[in-house]
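Notes to accompany the following structure.
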Amino acid sequence: MNRLLMLSCAASVLLIQASAHGQAWPSKPIRIVVPFSAGGPADITTRNIAPRLTELLGQTIIVDNRAGANGIIGAENVIRAPADGYTLLMATASVAAINMVTYATPPYDTLRDLQPLSPVMSTTSLIVIHPSMPAKNLKEFVALAKARPNQIAFGSAGNGGTLHLGLEMLMKDANIKITHVPYKGAAPSVSDVIAGQINGMFVDLPVISPYVKNGRVRAIAAASAQRSQYFPDIPTAKESGFVNVEMSNYYALLTTAKTPRDVVAKLHDAIVKTVNTPGVREKLIAIGADPQTMSIEEFASFIREDIRKWDKVVKAAGIRIER
């Protein structure tokens, strides 16, 4: 009798396990880890796409800000998560590529530890300063920085990120010395520029556009190959005579490595549909971004090439971070 009871219980457990395994994905909320502070461009991007992803996947999207260490804290949180597609990472060039080459001991390997899904958008950066600074353009700013070595403070979203590397490019090309002040994301750095606590920064359009438009910061150059279509009156750093100051950024979704292929495919499909939804595209364009998607294979190749590109920049700037 006891043996029959035990066999019955075992069969029930197996049936429950099979049922759970066979459940259609997704069957619970999905978490998107934003590895920077709330209010920054990565956070804004995630919150712009979350409602449509919720509609397409039929599950709530939870935005989880895990700021610190130039995105490493958030990235490691996703890497340690179960490989089931319920934890995604909103990555930038800093998180997906630059962390691989700036640290003496890389904290993770993007293409080994994470599964690329697709970009969501790309954007350029502006060089902005507080309006009290006596410089109306980049040439005047460089002259000011030469007269005040290390007395001008520029913020960034963290050591070794795109915004920090943009500053390093400018200092090297213009032969100037500016004090770098790293923050746990772009949003707190922008707040301090507006308040006059620091003098300026390189910053992506999605978080700075409103403050350029209302005059709370002054944009003195675009750090891009061509002028931004959103601010066509702002010259590029190259036009101002600093030909090696060029950078752009992207915002993209990845998930934990070894996530099942069918789940990865469903996530990719939902991301592409989200970005191509007219209402979502309008929101992204409104913040100064260029909506963008890729196939999974294209995005993996793009990351691989981006790592090589930034490795050259980092070596030229002589940046090496000990963790």
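Throughout, read-outs are computed from the coordinates displayed, never taken from laboratory work. Note that the coordinates shown come from a computational prediction; the quantities given were computed from them, not determined experimentally. Because the Cβ atoms are built from the backbone with ideal geometry, glycine has one as well, and the counts that use them run over all protein chains shown.
One table, with the values for the structure above:
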{"read-out": "³J(HN,Hα) computed for each position of region 89-100 - Karplus, 6.51 cos²θ - 1.76 cosθ + 1.60, integer Hz, glycine/proline x", "value": "10, 8, 9, 10, 4, 4, 6, 7, 10, 5, 4, 6"}
{"read-out": "Average projection area in nm² (convex hull over Cα atoms of the chain, one quarter of hull surface)", "value": "18.4"}
{"read-out": "Using θ = phi - 60° and Karplus 6.51 cos²θ - 1.76 cosθ + 1.60, couplings along region 294-301 (whole Hz; Gly, Pro as x)", "value": "9, 5, 4, 5, 4, 5, 4, 5"}
{"read-out": "Residues ALA195 and ALA24, FRET efficiency given R0 of 51 Å [Cβ-Cβ distance, rounded to 0.05]", "value": "0.55"}
{"read-out": "Nearest-ten-degree value, helix 186-195 long axis tilted from longest Cα axis of the chain", "value": "30"}
{"read-out": "Entries of LYS184/LYS283; LYS266/LYS312; LYS213/LYS315; LYS184/LYS273; LYS266/LYS315; LYS136/LYS309 with Cα pairs more than 27 Å apart", "value": "LYS266/LYS312; LYS213/LYS315; LYS184/LYS273; LYS266/LYS315; LYS136/LYS309"}
{"read-out": "Given charges at Cβ of Lys, Arg, Asp, Glu: the chain dipole, positive-most of PRO41, GLN226, ILE271", "value": "PRO41"}
{"read-out": "About the Cα centre, charge dipole magnitude for region 124-222 (Lys/Arg +1, Asp/Glu -1 at Cβ), debye", "value": "220"}
{"read-out": "Whole-number D in µm²/s for region 169-208 (Stokes-Einstein; Kirkwood sum over Cα pairs; 4 °C, 1.567 mPa s)", "value": "116"}
{"read-out": "Förster radius 25 Å - calculated FRET efficiency between ALA38 and SER132 (Cβ-Cβ, nearest 0.05)", "value": "0.35"}
{"read-out": "Ranked list, fewest to most other Cβ atoms within 10 Å of each Cβ, for TRP25, TRP310", "value": "TRP25, TRP310"}
{"read-out": "Cα-based Rg / Dmax (Å) for region 72-183", "value": "17.6, 56"}
{"read-out": "DSSP bridge orientation in the chain - percent antiparallel, rounded to nearest 5", "value": "60"}
{"read-out": "Most positive-pole-ward Cα, LEU138, THR162, ILE178, against dipole of region 124-222 from beta carbon charges", "value": "LEU138"}
{"read-out": "Hz values of 3J(HN,Hα) by residue in region 265-276 - Karplus curve (6.51, -1.76, 1.60), Gly and Pro given as x", "value": "5, 5, 5, 4, 4, 5, 5, 4, 4, 4, 5, 8"}
{"read-out": "Gain on full stretching of the segment that runs from ARG227 to ARG80 - 0.36 nm per residue minus C-alpha separation", "value": "48.9 nm"}
{"read-out": "Ordering of 314-321, 149-156 by burial proxy (mean other Cβ atoms within 10 Å per residue, highest first)", "value": "149-156, 314-321"}
{"read-out": "Normalised contact order of the chain, rounded percent, pairs of Cα under 8 Å and 6 or more residues apart", "value": "26"}
{"read-out": "Amide H partners (placed H, <5 Å) of SER118, local residues excluded", "value": "LEU253"}
{"read-out": "Rounded FRET efficiency, nearest 0.05, which uses the C-beta distance separating ASN175 from LYS273 and R0 of 45 Å", "value": "0.40"}
